[in-house]
1. Where does helix 56-69 land angle-wise versus the long Cα axis of the chain, in degrees 0 to 90, nearest 10?
2. Ordered by residue, what ³J(HN,Hα) values in Hz, to whole numbers, does the stretch 42-54 give under the Karplus form 6.51 cos²θ - 1.76 cosθ + 1.60, where θ = phi - 60° and Gly and Pro are x?
3. Ratio to report: Rg/Rh of the chain, with Cα atoms as the point set and Rh obtained by the Kirkwood method; give two decimals.
4. What does the charge count around Glu60 come to, taking other residues whose C-beta lies under 14 Å from its C-beta (Lys +1, Arg +1, Asp -1, Glu -1)?
5. List the residues whose amide H sits under 5 Å from the amide H of Leu10, counting only those 5 or more places along or on another chain, with H placed 1.01 Å from N in the peptide plane.
6. Taking 7 Å along the Cα-to-C-beta vector as the label spot, tell me the Thr64-Leu48 distance in nanometres, rounded to one decimal.
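Just so it is clear, none of the values below were taken in a lab; they were calculated from the coordinates. Predicted, not measured: the structure shown is a model, and the values here were computed from it. Quick reminder, even Gly has a Cβ in these numbers, built from the backbone with ideal geometry, and neighbours come from all protein chains shown.
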Amino acid sequence: MARTSPPPGLIYVRDTPAGPGIASRLGVTPGTIRKWRCADRGPRTFRLGGLIVAHITDIEQYATTRKRRSPRRAA
C-alpha cells in the first residue's frame, strides 16, 4: 500500500495530498525525473520503500542552482 504523504522532510516524485512533488516543483513530468535518474542527472533522489524520494532541501537547492544558470531572455 502506497503512502499518501511522504515522511517529514521528504517528497515523492508525484504530487500527494501533502503538496507538490518533485516533478511539479521543477516544472517537469515524472517521466523526465525518471530519465534524469537513469542518466545520473538532475536533483539527488533515492529509493525509500520502493518509491523515489528526495529531501526537500535538495530539490530547493537544485531549483535555485538551475535558476541562476539559466540564461536571461531579452524582452
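1. Approximately 10 degrees, to the nearest 10.
2. Couplings: x, x, 5, 10, 7, 8, 9, x, x, 10, 7, 9, 8 Hz.
3. 1.01
4. Local net charge: +4.
5. For Leu10, whose amide H was placed from the backbone, the distant partners under 5 Å are Ile56.
6. 2.0 nm
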